Amino acid sequence: MAIQVKKASGELEEFDQGKLVQNLKLAKIPDDIAADAANYVKNRLEGQISTAKIHDYVQEYLNKNNLVGYALHYDLKNALFRLGPSGYAFEKFIAKVLAAYGYLTLQGLTLKGKCVTHEIDVDAQKEGQHFLVECKFHNRPGTKTDVQVALYTYARFLDVRAALELLANHSQQYHQAWLVTNTKVTKDVLDYAKCMDMKVLAWGYPQIGSLREIIISSGLHPVTVLAGLGPNQYQGLFEHDIVTCADLKRAIDSHKLPVTYSPELKQNLLAQIGQICQP
């Protein structure tokens, strides 16, 4: 009998070992380790299983074999959920990731549109192009960003662009709306974005250059990927603009950590950072 996998959304699908291997490889886990981990999971399946349990089995295999760095890489999606409960830390994280790719980024801007005033999550500029970035954060697995978000993102963009085009320093620049989310998006979002030339950056989209891919390639993992810290400690770091592993390493190395950690914890965190939080 085929093993049924219950996704976070409640949907059921047949277990696909090849798909699991591919997901592991997307997390930069070598082919041989990915295949062994998938076999480990397959040998423990019976009846119906959740995607969360499959994730736990993979983590169990990686940690049991002292492959901690790969285990942390594989936990990136959950680490993004831990940037909550609000979306503010996610916005800061996205701004830092874009900055690593050469974008000049600003946060917390309030821009007057032609009709009303808007708060902009991230303002990004590069090579004469100007992007208004809407960051849609979800803290629950299985949630998809729907077309309503795409609609209000583009409506906000149009209103701001109408005002910006009246300014001399913006009139010759190309402007585009971006929608960035830590989960999947619906087909309607993709259809609408294509029609309106709006960029969508989601967990697994686009196939080349997805949010997962650019985070791993940049090496700017969120601090929430690190083992040994809890929700209150994360929030304490966020309040001091420490959102990425690189931020935390700089704070520890410069003795400017805003909270008190034991020498053992700092050593453990730096060891983890050395394994995963670099290109």
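In the condition set (1) outside any loop (DSSP other than H, G, I, E, B); (2) surrounded by 13 or more Cβ atoms within 10 Å (Cβ to Cβ), residue 18 is compliant with all but (2). The residue of the range 202-233 that is farthest from residue 260 (Cα to Cα), among those that are of a type outside the set (A, V, I, L, M), in a helix (DSSP H, G or I) and free of Cβ contacts under 8 Å to residues at least 40 places away in the same chain, is 232.
Taking each residue of the range 159-179 that is surrounded by 13 or more Cβ atoms within 10 Å (Cβ to Cβ) and looking for partners that are aromatic (Phe, Trp, Tyr) and at pLDDT 80 or above with beta-carbon atoms closer than 7 Å, six or more apart or interchain, yields 176/131; 177/154; 177/157; 178/131. Here residue 243 meets the list (1) surrounded by 15 or more Cβ atoms within 10 Å (Cβ to Cβ); (2) without any contact (Cβ under 8 Å) to a residue 60 or more places away in the chain almost entirely, failing just condition (2).
Those residues that are of a type in the set (Ser, Thr, Tyr) and at pLDDT below 95, I need them from the range 140-182; list them, please. Correct list: 143, 171, 174. Tell me, please, whether a residue that is of a type in the set (Ser, Thr, Tyr), modelled with pLDDT under 95 and more than 18 Å from the chain's Cα centre (by Cα) can be found in the range 96-118. Yes - at least one qualifying residue is present in the range 96-118.
The values are calculated or read from the model by the stated rules, or taken from the named source; none is laboratory data. The shown structure was predicted, so the numbers you read here are calculated from the model rather than taken from an experiment. Here Cβ is always computed from backbone atoms with ideal geometry, including for glycine, and neighbour counts include all displayed protein chains.
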